[in-house]
Amino acid sequence: MKILIVLYIVIIVFIGLLVLISLDERLPAAGGSVPEGIEKLFMKTAAYVYRRFIKKNRLFLKSPGRRNVRENLQRLDSEADINKSLNAYYIKKISIVLIIIVLGSMLSLLSCYSAVRKNSLTKNGELIREDYGKGEKRAKLVATDENGEKLGDFDVSISETEYSEVEANELFLKMQEDLSKIILSENKDLNHVKSDLELPTRIKGYPFEISWKSDNIDVLSSSGEVANDDIFFESTKVMLKATLKYRTLKYEQKYDITVIPRNFSEDEILSRELEASIRDIEETTRTNDRFSLPSNTEGIRVFWKEVTDENSIMLLIMSLIAAASVFIAGDKELNKKVEYRRKQMILEYPAFVSRLVLYMGSGMSVRAIFSRFSDEYKVRVSEGGKRSFLYEEIVKSCHELESGVPEINVYERLGARCGSQQYARLVTLLAQNLKKGNSEMMTLLREESDKATMERMSYARKLGEEAGTKLLVPMVMMLFIVMVVIMVPAYLSF
């Protein structure tokens, strides 16, 4: 077990030394967010490890895995510097590996240390009991012979260390003094008890279980509650008995207590008298369908008003809050729908431009192509196909063309409705073709198609990064739960 603890510490110290050595390491320039804090330290360490031990290693350079990674990075971004992308990729991977190793070593160290703390067996073959009052524990043991052959598994129950009878008697005598002070609580002494007593069932530092019994539970309950709230209450003597048990030993301690009336304010006296009057009137008039409340007490005229559970204002406030929430949430929901429409139209743009180039290359006009797209979309929707925000706009444009709206205005309106930079570029090309004519129209559209494809790939990578960022929160929560599961037993074992 000690070897494992040393191993975990060595791993953590070794990586710590690597972090210190690599503090001056320069991170390669790469796209994306700039790392900060601990992430930056581990990125520098990963950069140092990659540059010093991996980058120029022959086995690494010739490995199929490296070639596959290089090819995949080129497919994702053919315009980027492949060497920089490759370096950034492996440095990121190494930094994640280092973080996992450090966290795993720390958790392993805590788990191993917790297990060592819980060990009950000494080198001399002795089982250690828990201290007084800690309760029993269990130990899982394996018996082997001198040749190391297993003789059996044993689950041993180990009771806590017990006090001898002499020690228990001494503790009882000591506890008597402490118990007399504890039970007083806020009272001056046991001959002037006005408020509740504190009657504990156990006292820290003593092994006794305590039970209480009162000979007059109407005045003093066995839980220490004092019934002296009546203004006509008179001083009453009560005998309270405490029974202390430890193993087979039993002790008794008796307390003579005098419960006295507590001090009432004038308002409390009036309130109690009114309460008593109402109770008396209610009991003596139960044969009547109604009874009159007392109109005066102690020469003071009394007016009565019923208190009702009227929560209408709270309901109104809650309704207003709910209405405001719905109003604000409605705007957010609308914004989400608009953002979803924008994303879907961006995703559909490359395929749309490619189809447009294909049909224009066959000699069709833009107007005829839009009409064909509109008819195909209507047929697909009528057959239960999925609706498309882009082709809905194409259908609207075809209706405008059929209504006699100038073609150039139709294209400009289409670009405005689509509301993204990509469609604005396309509409500009179509409008210039109508106004001035352009012999290089097909070349420009092909370039636009290639550019749209590259933007589609970049947008897909961006969505992937956003998804990874959203997963960080649940990952951190799971890591926190694992750390709590490991650290709480280690903390409790101290």
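Every number in this text was worked out from the coordinates using simple rules, so none of it is lab data. All values reported here derive from a predicted model rather than from experimental measurement. For neighbour counting, all protein chains shown are included, and Cβ atoms are generated from backbone atoms with ideal geometry for every residue, glycine included.
At a glance:
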quantity	calculated
Packing rank of 55-61, 447-453, where each peptide gets the mean count of other beta carbons within 10 Å, highest leading	447-453, 55-61
Set of lysines near residue 254 by C-alpha distance (under 26 Å), chain-local residues within fewer than 8 positions excluded	174, 181, 188, 194, 204, 213, 237, 241, 245
Under-30-angstrom lysine pairs by C-alpha in segment 341-477, whenever the two are 8 or more apart or on separate chains	21
Those lysines that a straight Cα-Cα span of less than 23 Å connects to residue 44, excepting residues fewer than 8 apart in one chain	55, 56, 84, 92, 93
Solvent-free Debye scattering, log10 I(q)/I(0), computed from the Cα coordinates of segment 341-477 at q = 0.11, 0.12, 0.13, 0.20 Å⁻¹	-0.46, -0.53, -0.61, -1.27
Order of 418, 112 under a 10 Å beta carbon neighbour criterion, fewest first	112, 418
Mean projected area in nm² (Cα convex hull; one quarter of hull surface) for segment 409-474	5.4 nm²
Cα-based Rg of segment 165-266 normalised by 2.2 N^0.38 Å, two decimals	1.17
Sequence-separation-based contact order of segment 341-477, relative, with Cα cut under 8 Å and 6+ spacing, percent	31 percent
